[in-house]
Amino acid sequence: MDALGTLEVRWVQGFTRGTFTFVEKETVCYSCGNFIVFFNVKTKARRTLQSPGSGIGTFGASGHRRCLAFSDLKLKPSIFVYKYPELELVNELKGTSELGYTALSLCDTGPYLVCASYKPDHTITLWNWESGFPLCSQSLFEEDVTALVFNPMNWCQIGVVKSKSLAILNIERCDNYHMMKLSTVELPTTEGLKMERESIPSHVNNGKLTYLGPQMPISAIAGLTGDRADFFVPLSQIKARLCPSAICWSTSSDLYVGCKEGFLICVNPETFHASVLFNPTTDTTVAGEDLTLMQEGSFRSIALQDCNLFAGGKEGILRNIQIKGNKLEVLCTWVLDENISNICLSPNGDVLLLISNTGHVYRFNPSLKEKPVKVLDVLCGDLVAVAPLLMDNSICLSIREAGDLQLWALDDGLCVGSISLQTHVTSMACCLVAQYVVIGTVTGHLLFVELTTIQKPRLVHKVQLYHVSIDHLVRQQVDAETDLLRSDSAGCMDAHGCLSKDVFHSSLYELPHALSSCVLATNKILGYCQQRNALQSFIIPESAENPLISAQEAVPLILENETRCHVLGPAFLQLSPHQTWLGTIGRDGLLRICETSNMESSAQLQCHSCWQGGAGSFCFTTDCQSLITAGLRDGALVCTRLRLRISGAGKAKAATRFSQLLADSFESLFSAENTFLTKMPEWDSQAHTRCSSFLAGEVSLKGKMSHEAEEEENCFGSPSSQTWLERKLDVVLQEEAQRYTESKKNLRRDIMVLRDSIKGLMEENERLTDIEKLEQQEFNLDLEEQQRLQLEGEQEVNRVRKEIEMENLAKRYQREVLKRECWDSMQVKGKAIKAFHSENEVRNYPMKERTKQETEELRRVESMRQIEQTDSQLQEQDVDTEYGNKKEEMTASPALTGSLSALYGGINLYLYDQFKLHIREQKINQITLLKDVIYRVKTAFNKEFEAIYKQKVQEINRIREKNKRVYQIMAELDLSETLWEPGLTDNECPERALTVSDSEIKVEKYLTPEQKAKEQKLREEEERHRLAAKSVNTRDQALSVMMGGVLEVKKEDVLKMEVPQPEFLSKPEAQWTEDERKSFKEYEKRAKELSEEKEKYRKTLETEMKKLQISIKEATQMFDDKLAKLFERKVKSGMAIYQEELKIANLVHSLQTEEEILTREKQLSFKLEKARFLRSELGDDLKKHKEIVDVFREVYENTVAEDKLLDKGFRKEFYDVHANIIDQLYKLYKRRPRVQRIKTQTENNQFKDGSTNGLSQMLKAMEELDAPENMPEGLDSDVWERFCLARRTKVESEQGVKLKALKLAEMQAFLVKRIEEEEKAELEIKTLIDEMNGLSDLKLKFRLDSMVQIVLQQGQVEVEAEEFIADYSNALLINRKVVEDLNSTIKALGEQKIGIMVECKDFRKGIIKQEWEHRRMCMQLEDLRNKARSTQTLRITQDIQEYLNETNNDNRVSKQLVAMDKTIVLQKTTYEKKIENCKKQIKNLDRQVAHMQEKNQALDAKLAQMEVEVAERRIIFEAVALSENQEAEYEKNYQYIIQRKKLLNIGRAQSEEILVLRAELEKLRMKNFPSLGEIYPN
């Protein structure tokens, strides 16, 4: 903006992420919103770097190389690399990531950068940030990388930390070609155990199969093929693994891993083996500390300094741990007040930075071992609002969401004061005339913080305004000329706590588009329209100045001006205090300042990133020269300065003048208010709570006047839980209650009188009759309330009725589904038959009807089998008939068919022979046929079951008929006994479960009005029929009176017959007449006959009753016997069914095993194809790398040759120098300075800059040798300069040879690894081919080695059964007759063998005796022969001859003794002379040893220099001498062959000479020592 100026950043405060990194020895950097902040921990100086892109993603820094890198926040982001302290952009790395990067790391020993991209690609890329080109990349599985760490001792190893796993990245290179290999580390489980991978069995055919067939891997059993088969793990074997949280490399290149679960792990990067150093679940003590203090989160962050491991975690304890082997020792601990989230080590290892979750940074010096010191207090968390301190232009305020209020100095950005409110904050506003700030919270409270002392803010008041959060607070806008503030707030609010209409005026305007934010300027409204992404200006019309009119009607506003800005909304608008400048900031993070009169031209600055939510709020300072912005989610606070141009100097003066005028106008009020604030005590929440409870008790005592009044007052709640507005309302209500107290008392008294009168009427109504009683609702005076309650009751009844109906409907639907699936679909429904006299119960086989598909499949299989059998019969027509009969008998045997189903109705002529089931289709067809066999066995049994069931029903009916007759007999005999009446149980009649009888319902049935009317009609109809049946029937009544209702007397009525007594029996016997006496005799006779007849009939009835009971018992017993036989048949049928099902199970297992074998074959084919493709790729790469190595070897050989030419041409170059001097120069030419060399990663991996540093160090050291003081005497200075130049050239050539030799060695090592990989691929291919061949053989054998089922009786199994299931893998199945014949043959042969053995024993005894005699005689003969031979071969020496010739043997012996004494004396003299000579030689040797030791000491002094020179030239000579060594080897081999040939010729000649000499020696020996054998030849 030309008219106003530009915006520049003054300072930045905040903390976005918990990553601190040293960028040099004493400077640390961290991200803060859209900026990188550099902080010097010693001087506490700050610098900032703004991101050139759209934010800062992940970043990293290298303290050794003084550089940093960070990624952008956008689609397809870039990585920016900067040098420090210049802060110059070195390079911009544009990768292939689509969304962003999750981790980034810089190498301390080279220009290398590694980064990990975000989904969807998940790729790790290695860059050379100096050249800006990617070196190599590696794709990962879908898991984000959280950290990348270079090995400081070997940059080719990179630790990769993921959220749930750990990996090590190895970099290999050949010249400029780089290769990346990722190796995953198998972390232990959360119990600290090592997971064992599944060992895939080798399928080499060993001629044996297990009972269950070949063993397949789990992936083949699961049916998986492809890449996912290699990583498949069953759910039962999946265990939670440790999750890494931090890693660091040791000096021995071991990787220490701290886990979230509190484990410490050491990983070997060569073998990738993880060993647990500390397990919090098992380790109880550690040297130096109780391990109960080390728990989960103790190793959240770790750092290694020399041999000491520093660990920190959630408990806020920093531990110094020394690791010795696999043991830990805590040397020292330091306790912090908060958790440690990150530990950062300086490049020189002198300083440790400890970063907490809240943003506090502590400095710790490990060498001093003092307590960590806080060096930085940058709180983290989202900012809610910022505001300037209106009466102090040097201070601004910020409040975070967690309630942290901070005061910042505008000059340098330092935090001058802070207070933690410990509550969730939503808004903030500063007072204009007093030094305090008002803060709104989520709970609806307003907090007043006093700021008269900047360094120590105080909470002085707290009030709850609402029960919901206070989202917005606005301070009153005033100018310097008009004072709208009132010292007395009584007139500003009404009695309810609301602003009065005199203070607050409202107007209603209509806009063309909705505004997300707006401000009120002078006679205009400025707002931001998110729909159009533009700033809009509206002029307030003059007709809207009347507040009464504008408040009632919406006045349309006309758009004055519209300016496009803030592509990403919504935007927040703020007017400067002098109402001239308009500031806007949106979710895009762009800060824009313009004039209210001209919104087109503006000053802009990208303060925050749109990818982090942009800005949440901003504000002007009172002098309008600075602006403070707060990020929405980045936690950054940015202070910018408005630097005005020369043309805008007047506007700056106006803003400053306004600020000064505003301060002067409120100075008196400001001082008065501040004096009052300083006197206010600090807020105490506990004291306030006690005061509130006391006031609540006082109010309740005052208001407790009556029960009704107490209920009325308790509805408002206690003052402690009320808001300020509710307390205002309570005051108003209490005033109204006091005003109308008398009226309320009169009303309550009248209501009590009316209540008593109604109670009396209701009591009187209860005493009346039913006709005179009134209903209860007649006494209800509130009819509307009664109707409302009835309506609510009816609605609730309807709702419950609908719920019950829906529930019943769901249950009926479920019943129908169950009935259709489990009852209607059954062709034979399951039921049982129970015995009459026992608990024996037999069930049938429930069977579903065969589906159409099953029937068609069975017909297809039977048709196929019929064709196969016909074809087989035609092919066997020429076979012998007897053999065929035997074969049929063998096939029909149950022992060979494997089941007894044929005996129980399961006959199927199309079954395969189980010895011939080899093909998959045959097994599938056999399963279908076996299912048909099972179906037939069940059907046959069900037929017998139905016959028995019908028989039981008939028996029950017969028993009921017989019981009916027995009941008649018992009635005639006047007996009252209960007879046994059998019936069918619920299991025998399962259809009873589908019907519900009325007796089962225990509750009253609900009837609808229609059902009630229908029932009433039925009862009336039954009553009419009953009355009609009572009509008089004279004929039936007469018959019943005269003859008992029958026309003839039955035999059964004999027992009821009685002989009528004569009438004269009432008279005395003396008054009887003769006729009467005759009649009495006839009466007695008839009575006796009737009595006899009754007794006879009674016995007949009893006999009949016993017969009936016996017949019932016999019939039921016979039925029980039949049921027992049916039970046995059920057991045998079940056994047959189980046998067939076992066959099916074996066949299904065989088919499943074949499927597993096929799956395994597919997997092996896939792996073979993959291995072949990999081998072809490796072959192409190997060929290419071989060419590169060969080309470089030629270059190296040329360089070596050129170096040799320099050495050889030295004397030619200095031909003009004297011979004596040239020798001195040549010695100086070979002389090299001693350079202190430190073994670093540079030497190990041949960095380009490392080799340059080595050459520069050598040339720098050569400057001392080039000094004129080292010039030989008599040498011209020009020649010396020429000599120095030649020597420098030679040194540079030697350094080049060394560098290329190391590079060649590295390339050859790379080539060797590629060759090993190719060989490994070849070996894997060979292994896969062998495994596939073995699997094919195994599959063939598995198909031929079928599992058959044999049915054997007890005693026919001769294999010892040691376990529950015997192992018959080594058993043989043979016919029983064969065994019996074999046993008889064995017995006969055994008896014959015993007889033969007895004969052999006797004969052998004689043979042994003869052999013993023969051996004795042979031994005697051998002794005689030995004696004769020794006599013949005895040598006749000279002594023997003398002995034989000498007659006196004693004389000869004495001569020998004298000669021996002389010999002894001579030997002693010779021995003494030799001892003297030896002593003299020892003395000479001692002198020589001393002399040689002096020489060795002199040589040892030269040995160090010679070893250095030899070590320096060894690599050169080893590389140079490759071709020469080959020629020397050839020459050596040639000379060896020639020498061997010469030696062979010499040996051959010498052997011939030895033979000649041996012959001559034999002749001489025979001449001197003749033997007796020659004298007495055989």
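Tell me whether the stretch 1262-1382 comes out rounded, prolate or oblate; compute the Cα gyration tensor, take square roots of the eigenvalues as a ≥ b ≥ c, and use a/c under 1.5 as the rounded threshold.
Judged from the Cα gyration tensor, the stretch 1262-1382 comes out prolate (a/c at least 1.5, a/b above b/c).
Can you check what the net charge comes to around Glu1202, using other residues whose Cβ is under 12 Å from the Cβ of Glu1202 (Lys, Arg +1; Asp, Glu -1)?
My count for the surroundings of Glu1202 gives -1.
Take the Cβ-Cβ distance between Thr563 and Tyr509 as r, set R0 to 22 Å, and report the resulting FRET efficiency rounded to the nearest 0.05.
For Thr563 and Tyr509, the calculated efficiency is 0.65.
So for the stretch 728-803, taking the charge dipole from beta-carbon charges (+1 Lys/Arg, -1 Asp/Glu), which of Leu789, Thr741, Leu761 sits furthest toward the positive end?
Thr741
Would you work out the relative contact order for the chain, in percent, from Cα pairs under 8 angstrom that are 6 or more residues apart?
Reported relative contact order: 7 percent.
Any idea how far the Cα center of the stretch 1287-1325 sits from the one of the stretch 790-860, in Å?
Using only Cα atoms to place each centre, the spacing works out to 81 Å.
Rounded, prolate or oblate for the stretch 1482-1566? Axes are the square roots of the Cα gyration tensor eigenvalues, ordered a ≥ b ≥ c, and the cut-off for rounded is a/c under 1.5. Walk me through the numbers before you get to the answer.
On the way: a/c = 9.81, a/b = 1.55, b/c = 6.34.
Cα axes put the stretch 1482-1566 in the oblate bin.
With the dipole of the chain worked out from charges on the C-beta (+1 for Lys and Arg, -1 for Asp and Glu) around the Cα centre, which of Ser517, Leu447, Gly413 lies farthest toward the positive end?
It is Gly413.
Can you compute the modelled spin-label distance between Lys1096 and Asp913, with each label point 7 Å from Cα toward Cβ, in nm?
Result: 8.1 nm between the two label points.
Taking +1 at the Cβ of each Lys and Arg and -1 at the Cβ of each Asp and Glu, which of Val1453, Ala1498, Ile1436 sits farthest along the dipole of the stretch 1431-1568 towards its positive end, judged by Cα position relative to the Cα centre?
Final value for the positive-end residue is Val1453.
Ranked highest first by the average count of other Cβ atoms within 10 Å around their residues, in what order do 582-589, 1334-1341 fall?
Ranked by mean Cβ neighbours within 10 Å, highest first: 582-589, 1334-1341.
Quick one: accessible area per residue over the chain, 1.4 Å probe, rounded to a whole number of Å²?
Ligands and nucleic acids excluded, the figure is 63 Å² per residue.
Thr1437 label point, 7 Å along Cα→Cβ, cut-off 17 Å on backbone N: hits in the stretch 1543-1561?
In the stretch 1543-1561, the label zone of Thr1437 (backbone N under 17 Å from the point 7 Å along Cα→Cβ) covers no residue.
Per DSSP H run of n ≥ 4, the term is -39500 (n - 2.57); total these for the chain, divide by its residue number, and report the mean residue ellipticity at 222 nm rounded to 500 deg cm²/dmol.
Helices in the chain give a 222 nm mean residue ellipticity of -16000 deg cm²/dmol.
Carbon-plus-sulfur fraction of the accessible area of the stretch 1393-1470, 1.4 Å probe, in percent? Walk me through the numbers on the way to the answer.
Working: 4430 of 7330 Å².
Result for the stretch 1393-1470: 60 percent of the exposed heavy-atom area is carbon or sulfur.
Pairs Lys181/Lys1184; Lys1298/Lys1320; Lys916/Lys1339: which are spaced more than 21 Å apart, C-alpha to C-alpha?
Lys1298/Lys1320
Name the long-range amide H neighbours of Asp121: under 5 Å, sequence gap of 5 or more, or other chain; modelled H, no Pro or chain starts.
It is Glu98, by chain and number.
In whole Å, what is the distance between the alpha-carbon centres of the stretch 379-423 and the stretch 929-1003?
93
Between the stretch 139-180 and the stretch 220-279, what's the alpha-carbon centroid distance in Å?
15
Lys and Arg at +1, Asp and Glu at -1: add these up for the other residues within a Cβ distance under 14 Å of Lys1313 and post the number.
On the way: positive: Arg173, Lys181, Lys1186, Arg1314, Lys1320; negative: Glu172, Glu270, Asp1181, Glu1306, Glu1316, Glu1317, Glu1318, Glu1319.
The answer is -3.
So which trypsin sites (Lys or Arg not before Pro) in the stretch 148-197 end up in coil per DSSP with only 11 or fewer other C-beta atoms within 10 Å?
Arg197
Can you tell me the order of 997-1004, 141-148 when each peptide is scored by its average per-residue count of other Cβ atoms within 10 angstrom, highest first?
Most protected by this proxy first, the peptides run 141-148, 997-1004.
What does the extension gain come out to for Trp1412 and Lys943, with contour length at 0.36 nm per residue minus their alpha carbon separation?
160.1 nm
Which value, in debye to the nearest 20, describes the size of the charge dipole of the chain about its Cα centre when Lys and Arg Cβ atoms bear +1, Asp and Glu Cβ atoms bear -1, and nothing else is charged? Mind showing how you got there, number by number?
Details: 211 positive and 240 negative charges, 1242 e Å.
I would put it at about 5960 debye.
Roughly to the nearest percent, how much of the accessible area of the stretch 19-104 is carbon and sulfur, given a 1.4 Å probe?
Of all accessible area on the stretch 19-104, carbon and sulfur atoms account for 46 percent.
By the scheme Lys and Arg +1, Asp and Glu -1, what is the net charge of all other residues having a beta-carbon under 15 Å from that of Lys1014?
On the way: positive: Lys1005, Lys1012, Lys1017, Arg1019; negative: Glu1010, Glu1015, Glu1020, Glu1021, Glu1022.
Combined, the nearby Lys, Arg, Asp and Glu give -1.
Where in the stretch 294-323 does the label zone of Ser253 land, with the point 7 angstrom along Cα→C-beta and an amide N cut-off under 11 Å?
none
What are the extents of the Cα atoms of the chain along their three principal axes, listed from largest to smallest and rounded to whole Å?
That works out to 197, 152, 75 Å along the principal axes.
If packing is taken as the average number of other Cβ atoms within 10 Å across a peptide's residues, how do 1316-1322, 93-99, 848-854 rank, most packed first?
Top to bottom by mean Cβ count within 10 Å: 93-99, 1316-1322, 848-854.
Quick check: residue separation of Asn1383 and Ser367 times 0.36 nm, minus the Cα distance between them. What number comes out in nm?
Between Asn1383 and Ser367, full extension yields 356.3 nm more.
The values are calculated or read from the model by the stated rules, or taken from the named source; none is laboratory data. Bear in mind the structure is a predicted one, so any value in this text is a computation, not a measurement. Here the Cβ is made from the backbone with ideal geometry for all residues, glycine too, and neighbour counts use every protein chain on show. For accessibility, only protein heavy atoms count, side chains too; no ligands or nucleic acids. Shrake-Rupley method; radii C 1.70, N 1.55, O 1.52, S 1.80 Å.
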